[in-house]
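Report on the following structure.
The values are calculated or read from the model by the stated rules, or taken from the named source; none is laboratory data. Quantities reported herein were computed from a predicted structural model and do not represent experimental measurements. Note that each Cβ is placed from the backbone with ideal geometry, even for glycine, and that neighbours are counted across all protein chains shown.
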């Protein structure tokens, strides 16, 4: 049993649970799916589930010359999303010495992921997509689930860029990139 859930969720994962993988030309840190699921089991006492899983496959043309419309190749992508539903007691030994009186929290977290299918092949592609979405959704629970593992890389992946441009304007995305640049 977790003695103080809020503090537990804020703690970074132990080094043995974080792995570095190559993602294209970048190295990123991940917590493997099996560990995420065991952490969810520990937090919720096995009271978590997924709902509304959706996936679709699309092709994106890669142009050799956009002016002429010449397509060099087509890349097939999987887009997927789901809701992760977690229910847990907000244990805090100081506030609730009697654990039975601790408030019950239910959270619905949305996880989404888009990836080129050729990274994984076509076998069990929906299972892979679902696992990636669960991991993405669980990161919203806190640092313990990997929320702070790749802050710069995550922002750039969301934007679909490798190196952020120097000026974007006054948009929220521009502000985010500016903050990333300042932390370098």
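A few notes on this one:
- Residue 22 exposed (fewer than 11 other Cβ atoms within 10 Å of the Cβ) and at pLDDT below 90: yes
- For region 80-90, the count of residues that are touching a helix residue (DSSP H, G or I) at 6+ places or on another chain (Cβ under 8 Å), more than 16 Å from residue 56 (Cα to Cα), surrounded by 20 or more Cβ atoms within 10 Å (Cβ to Cβ) and at pLDDT 90 or above is at least one.
- Lone unmet requirement of (1) closer than 17 Å to residue 32 by Cα; (2) at pLDDT 85 or above for residue 103: (1)
- Every condition in (1) under 30 Å from residue 6 (Cβ atoms); (2) surrounded by 13 or more Cβ atoms within 10 Å (Cβ to Cβ) holds for residue 106 except the one numbered (2).
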